[in-house]
Amino acid sequence: MPYLLHIDASSLGEASVSRQVARSFRDQWQGAVVHRDLAISPAPHLSAAGITARTTDPAARTPEQAKAMAVQDELIEEFLGADAYLFTVPMYNLTMPSVFKAWLDQIMVAGRTLSFDGHPSTLGRPGVLISARGGGYGPGAPKHGMDHLVPTLETVLGHPANLGLDLTTVLPELTMAPHVPMLAPLLPMYEASLTRAHDEARRLGSALTGRPAA
């Protein structure tokens, strides 16, 4: 059965703005969902056994390699079985949470999710990235150019040399404004950004429901 694969990487649970915006998407999505919450069940970091198992004949794998390969097989099959994707990946210290990087390292495998001809098996499938951030990183902001999360994920998830998804990014910004006194003047900008993010998430959840995978 086709399904939406929702990968959650926020550590904040219900307090996570990324998760709250993702709920707006999910409220409009009409279909099956497989939800993997990496904060509750993190993927292990890629080990030497996991790397070498990929090029070792199954009959010759050590017990450690076989165990590591079973993890990769589960995550890769789950990824390839989806026909749409939702990624909840907030910015932590200018980049992605380590649990999401660990998940990526487990599923990005040449000959399975990656191809050498620019046509990965997930090419053109719809994906949505929701990434809240405490500050602002656009033109004119003091930290403009310091976002090392969204450009990386748009390349990894969206470029045909990698996973090749048809990716849309939703960015609720300035989420620290309600909590940091010196950011209080930015509250109206934060509220506007959050409203736009929820509206866009709802629109995408409705628009992508039933869209056939490429």
Bridge orientation stat for the chain from DSSP, antiparallel percent rounded to 5, came to 5 percent
Quick shape check on the chain: root eigenvalues a ≥ b ≥ c of the Cα gyration tensor, a/c under 1.5 is rounded, otherwise prolate if a/b tops b/c, else oblate, and it reads prolate
In nanometres, the difference between 0.36 nm per residue of separation and the alpha-carbon distance of residue 161 and residue 179 is 2.5 nm
Note on region 1-99: alpha-carbon gyration tensor, axes a ≥ b ≥ c; rule is a/c under 1.5 for rounded, else prolate if a/b larger than b/c, else oblate; result oblate
Out of 149, 187, 86, a Gaussian network model of the chain with alpha-carbon springs under 10 Å gives the largest mean-square fluctuation to 187
Rounded to the nearest 5, the percent of antiparallel DSSP beta bridges in region 74-191 equals 10 percent
Tilt, helix 98-107 to longest principal axis of the chain (alpha-carbon atoms), in degrees rounded to tens, equals 40 degrees
Regression test value, accessible area per residue of the chain, probe 1.4 Å, units Å², expected 49 Å²
Taking a ≥ b ≥ c as the square roots of the Cα gyration tensor eigenvalues, with a/c under 1.5 meaning rounded and otherwise prolate when a/b beats b/c or oblate if not, region 107-187 comes out prolate
In nanometres, the difference between 0.36 nm per residue of separation and the alpha-carbon distance of residue 3 and residue 143 is 46.7 nm
Per DSSP, the loop-located chymotrypsin sites (Phe, Trp or Tyr not before Pro) within region 114-200 having at most 11 other beta carbons within 10 Å are 116
Scalar couplings 3J(HN,Hα) for region 181-188 by Karplus 6.51 cos²θ - 1.76 cosθ + 1.60 (θ = phi - 60°), nearest whole Hz, x for Gly and Pro, are x, 5, 9, 3, x, 8, 3, x
Phi-derived 3J(HN,Hα) across region 22-37 with the Karplus relation (6.51, -1.76, 1.60, θ = phi - 60°), rounded Hz, x for Gly and Pro, is 4, 5, 4, 5, 5, 4, 9, 6, 10, x, 5, 9, 10, 10, 10, 9
Per DSSP, the loop-located trypsin sites (Lys or Arg not before Pro) within region 123-199 having at most 13 other beta carbons within 10 Å are 143
Note: residue 57 to residue 207 extended length (0.36 nm per residue) minus current alpha-carbon separation gives 49.6 nm
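The values are calculated or read from the model by the stated rules, or taken from the named source; none is laboratory data. All of these numbers come straight from a predicted model, not from anything done at the bench. Quick reminder, even Gly has a Cβ in these numbers, built from the backbone with ideal geometry, and neighbours come from all protein chains shown. Heavy atoms of the whole protein, side chains included, go into the accessibility calculation; ligands, DNA and RNA do not. Shrake-Rupley method; radii C 1.70, N 1.55, O 1.52, S 1.80 Å.
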